């Protein structure tokens, strides 16, 4: 009997030791890498102010987790998949980074998540749009937080078709994000009795959209859908205005338009444009309170991406605190146990494919008469419940989804 007690005590001690060894902060420091476009087309939607949102989260958490310091590294991905993959590989192998945050251009994100797959590094995707990131490109090592092309199409495109815009011409960014958005829009338009009559694709960071807009004008399509983002969208809208598409009866549908884009355009130019967003700084008291703090630090109102960076970082840090571990699989499992109720989302949750499901919003840019100040830009037309907004798991091509 005494021998059995001794053996049992030893077994318990061994299990506790193994558990303690498993649940620990590696290298006695939690390391977060921020990877984003810091100087190019997508600088304003994430960029330096996204890094500031990350710093806010770390500061609000106290700068430490389980008594260990939190260190932030950052890099400019230059919208290059090669730069992205080499940076992330170096962070993992040399700097022992535990989490990668930001991740904007979809091609950059897909390259980065391939490197992270199978490692102890977790990626929190906030800037990228391609719905394929949690569909055919899903991995156990990343979570897609803020938005994707599926609700953009089901929000904006569905609303425009419902208003009579049946024939579409697509002006598409020629890389993963643009292709995904074009495909999702096509599915929505055709499902609602419409048709995409033609498509033209342009390189990232195109300076002159004249030839593309002339093709759209010549097509006679009722709707010119912009499947691009950032400065490309702004330049497309400006060029469409110069060529008088609206005056000729064509509707310009900006399928991914960020707050900073509308701010750059001004309400005089952007008024009336409908768009789908995952968050708006003036949508409720919690959003306003956080946005006010952000404004004090940056002199700008946050985009949905910057808000998502803060939200996902806080949720991640709470999971590390709860588990005492920075191991990617352990932290991700803990994050998925708890709903997201913060300044970004109410009742959000993480699915098995890595999609964070939350409400999306169909918004309309205010008129000059409606706008009270330079950042008073949107009115929320309707809320799209999360379970309706994102691709249902029954349609998922993610190998992690149980059929």
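Answer with yes or no whether residue 118 is in contact (Cβ under 8 Å) with a residue 24 or more places away in the chain and assigned by TED's automatic domain parsing to the domain that holds residue 345. No; evaluated as a whole, the condition is false for this residue.
Could you tell me whether segment 124-143 includes any residue that is at positive phi, in the same structural domain as residue 350 (by TED's automatic domain parsing) and either buried (at least 17 other Cβ atoms within 10 Å of the Cβ) or touching a strand residue (DSSP E or B) at 6+ places or on another chain (Cβ under 8 Å) (or both)?
no
Quick check on segment 25-38. Is at least one of its residues part of a loop (DSSP other than H, G, I, E, B) and either surrounded by fewer than 20 Cβ atoms within 10 Å (Cβ to Cβ) or without any contact (Cβ under 8 Å) to a residue 12 or more places away in the chain (or both)?
First, pick out the residues of segment 25-38 that are part of a loop (DSSP other than H, G, I, E, B): 25, 37-38.
Then drop every residue that is not either surrounded by fewer than 20 Cβ atoms within 10 Å (Cβ to Cβ) or without any contact (Cβ under 8 Å) to a residue 12 or more places away in the chain (or both), which leaves none.
No, that holds for no residue.
Does residue 269 qualify as being at pLDDT below 95, on the phi < 0 side of the Ramachandran plot, part of a helix (DSSP H, G or I) and touching a helix residue (DSSP H, G or I) at 6+ places or on another chain (Cβ under 7 Å)?
yes
Within segment 215-244, the set of residues being under 23 Å from residue 131 (Cβ atoms) and either part of a loop (DSSP other than H, G, I, E, B) or in contact (Cβ under 8 Å) with a residue 40 or more places away in the chain (or both) comprises 223, 224, 225, 226, 227, 228, 229, 230, 231, 232, 236. For segment 182-214, a residue qualifies if it is in a loop (DSSP other than H, G, I, E, B) and closer than 21 Å to residue 79 by Cα, and the qualifying residues are 203, 204, 205, 206, 207, 208, 209. Residues in segment 75-95 that are in contact (Cβ under 8 Å) with a residue 12 or more places away in the chain and in a loop (DSSP other than H, G, I, E, B) were compared, and the one that is surrounded by the most Cβ atoms within 10 Å (Cβ to Cβ) is 77.
Annotation note: of 198, 183, 207, 187, the sole residue that is in contact with a strand residue (DSSP E or B) (Cβ under 6 Å, 6 or more places away or on another chain) and either under 25 Å from residue 80 (Cα atoms) or at pLDDT 95 or above (or both) is 198.
Against the list (1) more than 23 Å from residue 141 (Cα to Cα); (2) outside the structural domain of residue 109 (by TED's automatic domain parsing); (3) buried (at least 19 other Cβ atoms within 10 Å of the Cβ), the condition residue 396 fails is (1). Could you grab me the full set of residues in segment 44-74 that are under 12 Å from residue 127 (Cβ atoms) and free of Cβ contacts under 8 Å to residues at least 12 places away in the same chain? Correct list: 47 only. Looking only at segment 180-196, residues that are surrounded by 15 or more Cβ atoms within 10 Å (Cβ to Cβ) and over 17 Å from residue 256 (Cα atoms) come to 2 in all.
Any residue in segment 303-313 that is touching a residue at least 12 places away in the same chain (Cβ under 8 Å), buried (at least 20 other Cβ atoms within 10 Å of the Cβ) and more than 21 Å from the chain's Cα centre (by Cα)? No, there is no match, as no residue in segment 303-313 is touching a residue at least 12 places away in the same chain (Cβ under 8 Å), buried (at least 20 other Cβ atoms within 10 Å of the Cβ) and more than 21 Å from the chain's Cα centre (by Cα).
Please go through segment 320-356 and give me each residue that is on the phi > 0 side of the Ramachandran plot and assigned to a loop (DSSP other than H, G, I, E, B), ordered by number. Within segment 320-356, 324, 354 qualify.
Quick grid of which residues meet (1) over 15 Å from the mean Cα position of the chain (by Cα); (2) assigned to a loop (DSSP other than H, G, I, E, B); (3) surrounded by fewer than 17 Cβ atoms within 10 Å (Cβ to Cβ); (4) not assigned by TED's automatic domain parsing to the domain that holds residue 127:
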| position | (1), (2), (3), (4) |
| --- | --- |
| 246 | yes, yes, yes, yes |
| 253 | yes, no, no, yes |
| 262 | yes, no, no, yes |
| 288 | yes, no, yes, no |
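From the list 327, 402, 337, the one residue that fits, being modelled with pLDDT under 95 and either within 16 Å of the chain's Cα centre (by Cα) or over 28 Å from residue 260 (Cα atoms) (or both), is 402.
For residue 388, the test of being out of contact with any helix residue (DSSP H, G or I) (no Cβ under 6 Å at 6 or more places or on another chain), farther than 15 Å from residue 259 by Cβ, in a helix (DSSP H, G or I) and touching a residue at least 40 places away in the same chain (Cβ under 8 Å) is passed.
The values are calculated or read from the model by the stated rules, or taken from the named source; none is laboratory data. Since the model is a prediction, treat every value here as computed from it, not as a measurement. Reconstructed Cβ throughout: ideal geometry from the backbone, glycine too, with neighbour counts over all protein chains shown.
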